[in-house]
Each structure stands twice: as C-alpha cells, then as structure tokens.
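Asks: Could you have a look at this structure, given as structure tokens, before my questions?
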Amino acid sequence: MAQIKVASLQKSYKTGKLVTPVLRGIDFVVKESEFISIVGPSGSGKSTLLYVLSGLESYDQGEVYMFDQLLTDYNDHQKAKLRSQDIGFVFQFYNLMPNLTAYENVLLASVLGSQKSKKEVLDILEIVGMKDYKDYYPSQLSGGMQQRVAIARCLINDPKIIFADEPIGNLDYANGIKIMELFKTLNQTYHKTILMVTHNIESTSYGTRTLHMLDGKVIDDEKKSQ
Ligand SMILES: Nc1ncnc2c1ncn2[C@@H]1O[C@H](COP(=O)(O)OP(=O)(O)O)[C@@H](O)[C@H]1O
Ligand SMILES: [Mg+2]
C-alpha cells in the first residue's frame, strides 16, 4: 500500500520580491516498510521535502497524498494527528528538552498523542537501549545517547512513518553506525517506513532505496534488490 504519493510537487520560498524555487517537480511513491535514503548536495531541497510531507511547510503546486488523503484536504485536527501520531520526526541536533530527563522527554511526547503508561515509556526506552539512562538529563548524555532518546520520543505514539533529517550528521563514526543499526531494526522488526536525509553515502546501505536530489528534483531513484 502506498503511504506517500507525491506528484509534480513544486514549492518556492518568497522573501519580498525574491522567489527561490526549491522543489521543482517531484514525483515518487513510498510504500509501507520502505527505508528510503535521500541524498544530494546542500540546498537541493531535501529538508524542505520532508517538511512538506509532514505538513510543517505548505507547497505551491502538485499533489501530496499522505495515507491516501490529499494534504490540502486535511483539516486542522487531522493535521495535528498526522504530526503527533502518524509520523515521527528525528532531527540532526536531537532537540530534547534540556530540563527534562530522558524518561520525561519521551513521556511529554506521548501527552500529545494518547498518554502512555510508565511501562510503555520504559519499553520504548529499552528498544533504543536507553532504559538504564532514563533519569539522566540530556546534558549528561553523549550525542549518540541523546539521539536514541530523540528516536524513543518519536516512537512513543507508534508512528507509521519516521522522517529523519541528517540524524547522524552530528555524530562520530561509531555512534553513527549504532544509530543506523537502530533505524534498520525499526524498519525490519517494527516495520516502520523511514525517510532519512543523509550526507553520508555509506549510510544509504542500510536502506532499501535511495533518492538522489539535485536542484529541487529527484534525478535518480535507486531500488536495492532484496
Ligand atoms: N525558510 C526559508 N526561507 C527561504 N529560503 C529557504 C528557507 N528554507 C530553505 N530555503 C532555501 O531553500 C533551498 C533548499 O533548502 P533545504 O531544503 O534546506 O535544502 P537541503 O536540506 O537539501 O540542504 C536553499 O537554497 C535554502 O536556502
Ligand atoms: Mg537540510
């Protein structure tokens, strides 16, 4: 089943009279349980594409279907549910609340969905290997550990799709590999669909498909034979 369908998608940013085309006619379909790496030079529109798909940014032309419904037909309530429950977002710099513990960061995210029990939060922290650090504050954790907590936070409402924008861009090699292994597990064992922007060509080997972007277009769509 197609979870995402993008057709002739176009978007420009307008600053005063200056119009910068950022997405210039994009087409692709994402099926359940795909693990897609999005690569391309800085400024090619990768982040903008993820923001449009997640409803954080509007678009100008074309069509975007999320779960078979046109994004422009989503009402405010549906958009809020899309963002808080149907998809999860992982950022390069983790974006954890500094004054909350690992446990509290994950619990807080569940309040936006349907609040989870202590056991459910601990189970998710266990999946990402952070249960023993539940009472630590972000400043007491390494970058790799903070990213694990951020991934737990994105998992707590059991999203169908995970968007990750350069999730290992700030990590050293060894921690980057561990996070990529975790994404692979989430894809293969928990059947999460993943769209991950990456600068690291090696990390595309964890995915099932790679979209190459250049100047707001997808110039290559490479599916791995499995
Ligand atoms: N909020 C914004 N306002 C104006 N221009 C933007 C904005 N966000 C991104 N851009 C421009 O859009 C282009 C694509 O940006 P982005 O999607 O962040 O690319 P990437 O993630 O591939 O590096 C860049 O030229 C960037 O300067
Ligand atoms: Mg970017």
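Asks: Please go through the range 1-20 and pick out each residue that is more than 16 Å from ligand 2 (Cβ to nearest atom) and in contact (Cβ under 8 Å) with a residue 24 or more places away in the chain.
Replies: Scanning the range 1-20 gives Met1, Ala2, Gln3, Ile4, Lys5, Val6, Ala7, Ser8, Leu9, Gln10, Ser12.
Asks: Let me ask you something else. In the range 200-226, what count of residues is obtained for those that are open to solvent by 70 Å² or more (accessible area, probe 1.4 Å) and under 23 Å from Tyr13 (Cα atoms)?
Replies: Residues flagged as open to solvent by 70 Å² or more (accessible area, probe 1.4 Å) and under 23 Å from Tyr13 (Cα atoms) within the range 200-226 amount to 4.
Asks: Out of the residues in the range 27-52 meeting the condition of being within 12 Å of ligand 1 (Cβ to nearest atom) and among the hydrophobic types (A, V, I, L, M, F, W, C), tell me which one is nearest to Ala164 (Cα to Cα).
Replies: Of everything passing the filter in the range 27-52, Leu50 is nearest to Ala164 (Cα to Cα).
Asks: OK, next. Can you tell me which residue within the range 39-64, out of those that are buried (at least 17 other Cβ atoms within 10 Å of the Cβ) and assigned to a strand (DSSP E or B), is farthest from ligand 2 (Cβ to nearest atom)?
Replies: Restricting to residues being buried (at least 17 other Cβ atoms within 10 Å of the Cβ) and assigned to a strand (DSSP E or B), the top hit is Val64.
Asks: Restricting the range 120-170 to residues that are open to solvent by 30 Å² or more (accessible area, probe 1.4 Å) and within 16 Å of ligand 2 (Cβ to nearest atom), which is nearest to Leu186 (Cα to Cα)?
Replies: The residue in question is Glu166.
Asks: Still on this structure, I have one more. Are any of the residues in the range 11-22 modelled with pLDDT of 95 or more and among the charged types (D, E, K, R)?
Replies: There is at least one residue in the range 11-22 that is modelled with pLDDT of 95 or more and among the charged types (D, E, K, R).
Asks: Limited to the range 65-91, what total is found for residues that are assigned to a strand (DSSP E or B), closer than 21 Å to Asp27 by Cβ and either of a type in the set (A, V, I, L, M) or within 16 Å of ligand 1 (Cβ to nearest atom) (or both)?
Replies: Matching residues across the range 65-91 total 3.
The values are calculated or read from the model by the stated rules, or taken from the named source; none is laboratory data. Bear in mind the structure is a predicted one, so any value in this text is a computation, not a measurement. With ideal geometry, Cβ positions are generated from the backbone for all residues, glycine too; neighbour counts draw on all protein chains shown. Ligands, DNA and RNA are stripped out before the accessible areas are found, and what is left, the full protein with its side chains, is counted by its heavy atoms. Shrake-Rupley method; radii C 1.70, N 1.55, O 1.52, S 1.80 Å.
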